[in-house]
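Some notes on the structure that comes next.
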Amino acid sequence: MASQDYEERSQPQELGYDPNFVPDSVKSFVVHLYRHIREKNVYEIHQMYESSFQTLSERLFKDTPWPSVDAVAHYVDNDHVFCLLYREMWFRHLYARLTPTLRQRIDSWDNYCSLFQVVLHGVVNMQLPNQWLWDMVDEFVYQFQSFCQYRAKMKTKTDQEIALLRQFDQAWNVFGVLNFLQALVEKSAIIQILDQEKDGLEQFTATDGYDYNGGSNVLKVLGYFSMVGLLRVHCLLGDYHTSLKCLLPIDITQQGVYISVIGSHISTIYHYGFANLMLRRYVEAIREFNKILLYIFKTKQYHQKSPQYEHILKKNEQMYALLAICLSICPQNRLVDETVNSQLREKYGEKMVRMQRYDDEAFAIYDELFSYACPKFITPSAPSFEEPLVNYNQDAYRLQLKLFLYEAKQQQLLSGVRTFLKVYSTISLAKLASYMEVDEPTLRTILMTYKHKTHAVDSDGKITSNADLDFYIDDDTIRVVESKPAKRYGDYFLRQIVKLEGVINEIDGIKLE
């Protein structure tokens, strides 16, 4: 393997850090991990990746990088693919614990290029845990996002950094990132595999993507997760139609491999829901946010020791904020489970009441919740190196916020119409016009706008309604048709049964004298 000394030349000299010193525990870790990868022992690989790597990082490398790849290469027969995997973990740890230098960001890009080239064009005969394969795609997109944010802060750049940015202008290029993700989708033939699965010809979901016939799961599963990666990248770019189009092969109403990793499950639904919110498909966003929030509520205690636990909690809070926005614009409370609803009222009940008003305070709350819950949007274009240097890292966010608030204002203007229509089953145009203090032609325009704003085009090109009531005009009379949701008694009885069982257990535990 070609010797690279990027760790030494680019890593600030932390006190006591020697990139060539390999503690015995690290030596043992890489030797055993290498052996398990060669033996395709997925269970042991998963244990070492999820548990041992985190434990060693916490104990030995809390504030420093791991030993350099050159220092450990001879313990693993200088195996090229293993060294690429080790380096991928090395950089991920660096990003999580320290602040990478520009040189390290570029080196990490080079490593991903080499790793994905091997997967795409080499012969990879490994089985790796889904968690690791998801983390590869997730980290790849995260580092792209991080690089775009870093590059956009031009005011603080030194001459040396500007020279490096000019020299390595292809590093983390948006087309390169999209091409790798798209190439993984196409080379893996995952779209065809998922189509064949619908006809019963494939068992991809049933086996969680693993190959039990001695083959490799790496390309197939990377291709699968790359569809989620593309969803996320296009969301960061503000291209919501394309982001949802990339996810179309995965039916999120059914069980899928994306559910096998909690981080993948949450990232998929978060970005899917956010894209639907921005495309005015509020009902779809509410439905999916409700499902994932209920799932997190029921299962989060099982992930307390997971390295992803803090990320799960943060995304949980962000999705509650997005759900509050959706329900304030499109009051479809019947779609929300009682457990999620009670949590939502606890967190945002007071703010949601204020968001119903059409005033500056309401828009300040919309601004606050959107800013807290939205993805970190990026500007993918290369910066201008001409003086004076300016920061433009907030430009994409400001644009998306402006578009969202413009839509929210229009929706709030129409909330008055909805208030009147909720009260009446029939009302004359003249009467409603007098209540709203407008003339009849203006009212007709408002009603047409209401119709337009409460409908959206779904992924299949069909027009769907977001409204909880509909109306039509018969001569000069408005006739309102309110959808009556079917009452759901099942959840109520189940909750009462659980409470009763709890009471019975408490009574059984009481010792009578």
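The values are calculated or read from the model by the stated rules, or taken from the named source; none is laboratory data. Please read these numbers as outputs of a predicted model, since none were measured by experiment. Cβ placement follows ideal geometry from the backbone for every residue including glycine, while neighbour counts extend to all protein chains displayed. We work out accessible area using only protein heavy atoms, side chains counted, and drop any ligands, DNA or RNA first. Shrake-Rupley method; radii C 1.70, N 1.55, O 1.52, S 1.80 Å.
The residue list 332, 318, 301 contains one member that is over 29 Å from residue 490 (Cβ atoms) and either at pLDDT below 90 or of a type in the set (S, T, N, Q) (or both), which is 318. Here residue 105 clears all of (1) open to solvent by 20 Å² or more (accessible area, probe 1.4 Å); (2) closer than 28 Å to residue 223 by Cα except the condition numbered (1). Any residue in region 123-130 that is in a helix (DSSP H, G or I) and within 29 Å of residue 56 (Cβ to Cβ)? There is at least one residue in region 123-130 that is in a helix (DSSP H, G or I) and within 29 Å of residue 56 (Cβ to Cβ). Summed over region 181-231, residues that are farther than 24 Å from residue 115 by Cα, in contact (Cβ under 8 Å) with a residue 40 or more places away in the chain and not in a helix (DSSP H, G or I) total 1. The residue of region 166-175 that is surrounded by the fewest Cβ atoms within 10 Å (Cβ to Cβ), among those that are assigned to a helix (DSSP H, G or I) and touching a residue at least 60 places away in the same chain (Cβ under 8 Å), is 166. Restricting attention to region 127-138, does a residue exist that is more than 27 Å from residue 47 (Cβ to Cβ) and under 24 Å from the mean Cα position of the chain (by Cα)? Taking every residue of region 127-138 in turn, none turns out to be more than 27 Å from residue 47 (Cβ to Cβ) and under 24 Å from the mean Cα position of the chain (by Cα). Would you say residue 258 is of a type in the set (Phe, Trp, Tyr) and at pLDDT 95 or above? Against the criterion (of a type in the set (Phe, Trp, Tyr) and at pLDDT 95 or above), residue 258 does not qualify.
Restricting 159, 195 to those that are acidic (Asp, Glu), out of contact with any helix residue (DSSP H, G or I) (no Cβ under 8 Å at 6 or more places or on another chain) and modelled with pLDDT under 90 reduces the list to 159. Identify the residue in region 272-286 that is of a type outside the set (Asp, Glu), open to solvent by 10 Å² or more (accessible area, probe 1.4 Å) and not in a loop (DSSP other than H, G, I, E, B) and, among all such residues, is modelled with the lowest pLDDT. Residue satisfying both the conditions and the ranking: 283. Of all the criteria given as (1) open to solvent by 40 Å² or more (accessible area, probe 1.4 Å); (2) over 29 Å from residue 386 (Cα atoms); (3) touching a Phe, Trp or Tyr at 6+ places or on another chain (Cβ under 7 Å), the one not satisfied by residue 208 is (3). Taking every residue in region 120-132 that is open to solvent by 20 Å² or more (accessible area, probe 1.4 Å) and pairing it with any residue that is among the basic types (Lys, Arg), at least 6 positions away or on another chain, the pairs with Cβ-Cβ distances below 8 Å are 126/40. Selection of region 291-305 for residues being hydroxyl-bearing (Ser, Thr, Tyr) and open to solvent by 60 Å² or more (accessible area, probe 1.4 Å) yields 295, 302. Applying the criterion of being without any contact (Cβ under 8 Å) to a residue 40 or more places away in the chain, β-branched (Val, Ile, Thr) and out of contact with any helix residue (DSSP H, G or I) (no Cβ under 6 Å at 6 or more places or on another chain) to the residues of region 392-433, the residue that is farthest from residue 373 (Cα to Cα) is 423. Just one of the listed residues (397, 358, 406) is modelled with pLDDT of 80 or more, of a type in the set (Phe, Trp, Tyr) and either under 30 Å from residue 169 (Cβ atoms) or not in a helix (DSSP H, G or I) (or both), namely 397. Set side by side, the residues 44, 50 differ, and just one is part of a helix (DSSP H, G or I) and more than 23 Å from residue 112 (Cα to Cα), which is 44.
Of the residues making up region 244-262, one or more are in contact (Cβ under 8 Å) with a residue 60 or more places away in the chain, buried (at least 21 other Cβ atoms within 10 Å of the Cβ) and under 26 Å from residue 304 (Cβ atoms). Identify all residues within region 45-95 that are without any contact (Cβ under 8 Å) to a residue 12 or more places away in the chain and either within 29 Å of the chain's Cα centre (by Cα) or open to solvent by less than 20 Å² (accessible area, probe 1.4 Å) (or both); write none if there are none. Across region 45-95, the qualifying residues are 47, 51, 55, 58.
For residue 114, the conditions (1) open to solvent by 40 Å² or more (accessible area, probe 1.4 Å); (2) under 30 Å from residue 166 (Cα atoms); (3) modelled with pLDDT under 95 are fulfilled apart from (3). For region 361-388, a tally of residues being part of a loop (DSSP other than H, G, I, E, B) and either of a type outside the set (S, T, N, Q) or open to solvent by less than 60 Å² (accessible area, probe 1.4 Å) (or both) returns 13.
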